[in-house]
Amino acid sequence: MDYLLKALICDKRVRVYLGKTTAIVNDAIIIHDLWPSAASVMGKALTMGVIMGAMLKGKEALTIKLNGNGPIGNVVVDGNAYGEVRGYVDYPHVHFSKQDALDDKATLGDNGHLDVIKDLQLKDLFVSSVPLQSGQLANDFAYYFTKSEQTPSLISLGITIKEDNTASVSGGLLVQLLPDALEEDIVYLESKTAVLKNFSQLLKQYERLEDLLDYLFDHKVTILETLPVTYACHCSKEHFSRGIATLGAEEIDKIIHEDHQAEIICHYCKTPYLYNIDDLESIKKGLKK
Ligand SMILES: [Zn+2]
């Protein structure tokens, strides 16, 4: 089961999010037919979607968009406060490896942007964009938090894709200093960077996230919340009919006469929705109201 822990360390002056996303990545591999290095990049983006979603409240939601002008094209991930993520990539059939490791930089590229769009249930959306620094997602997201949210953050993302193109492990860690953090907390966290280097190995070694947190932070952890996390899309025929309505009556008439039906496939979950002539006529009728 995938889940996420919210916790505090350093006498509650530092906040930690640790999530396991293996099942989410395996769902994404099947839905989108991802090849291994596309699975690595999308998997890490989904993991960040889970973590950043867990920072939201109630009906707030966010979208992460990555584009490094690499062969995978756009990587888009939606997250929310209920532990749900979904996403898509433009080109799932991408595979690059270097020295037996999946090459995220060659897949994503490093000449582009990381955009975060948050719907905080206010009048306007919060939109922020930073240039990609390295094509390595952990670094690029750490840069985003420092630049856009003025929150210095330590991020580790790990994923292992097996020969049979399934993820054996996937997850991520985000550590953030709270406003009352001390110099000694920074020194303490710096002492952890070496052990965090091979994060997928740690995820393999510690099946329970609670045990991994205890190991990483010397058994001085206060767990605040445990949140189950899943790949979920709440699309519906009704939802996409609103999209068809935006085409206008003339265009819908053209579809009725030429194609006698319309099919829409959800980007996020690949569910097909078929609209027959009756469906299209009733969408058109709705327009006149
Ligand atoms: Zn869907």
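The values are calculated or read from the model by the stated rules, or taken from the named source; none is laboratory data. Quick caveat, the model's predicted, so the values are computed rather than measured. When we count neighbours, we look across all protein chains shown, and the Cβ atoms used for this are built from the backbone with ideal geometry, even at glycine.
State whether one or more residues within the stretch 88-95 are acidic (D, E) and either at pLDDT below 95 or over 15 Å from W35 (Cβ atoms) (or both).
The answer is no, given that none of the residues of the stretch 88-95 is acidic (D, E) and either at pLDDT below 95 or over 15 Å from W35 (Cβ atoms) (or both).
State which residue is surrounded by the fewest Cβ atoms within 10 Å (Cβ to Cβ) when the search covers only the stretch 213-265 and only residues that are within 30 Å of T22 (Cα to Cα) and touching a helix residue (DSSP H, G or I) at 6+ places or on another chain (Cβ under 6 Å).
Of everything passing the filter in the stretch 213-265, I264 is surrounded by the fewest Cβ atoms within 10 Å (Cβ to Cβ).
Select from the stretch 269-289 the residues that are touching a helix residue (DSSP H, G or I) at 6+ places or on another chain (Cβ under 7 Å) and basic (K, R) and list them in ascending order.
Within the stretch 269-289, K270, K284 meet the criteria.
Please tell me if M42 is in a helix (DSSP H, G or I) and over 19 Å from A167 (Cα atoms).
no
Could you tell me whether S134 is touching a strand residue (DSSP E or B) at 6+ places or on another chain (Cβ under 6 Å) and without any contact (Cβ under 8 Å) to a residue 60 or more places away in the chain?
Considered against the rule, which asks whether it is touching a strand residue (DSSP E or B) at 6+ places or on another chain (Cβ under 6 Å) and without any contact (Cβ under 8 Å) to a residue 60 or more places away in the chain, S134 comes out as no.
Can you tell which of V175, V169, V94 is buried (at least 19 other Cβ atoms within 10 Å of the Cβ) and in a loop (DSSP other than H, G, I, E, B)?
Exactly one residue qualifies, and that residue is V94.
Need pairs with beta-carbon distance below 7 Å; first residue among the polar types (S, T, N, Q) and within the stretch 219-248, second away from the ligand (no atom under 16 Å from the Cβ); sequence gap 6+ or separate chains.
Note: pairs meeting the criteria are T222/A7; T222/L8; T222/K12; T226/Y3; T226/L5; T230/D2; T230/G83; S241/I283.
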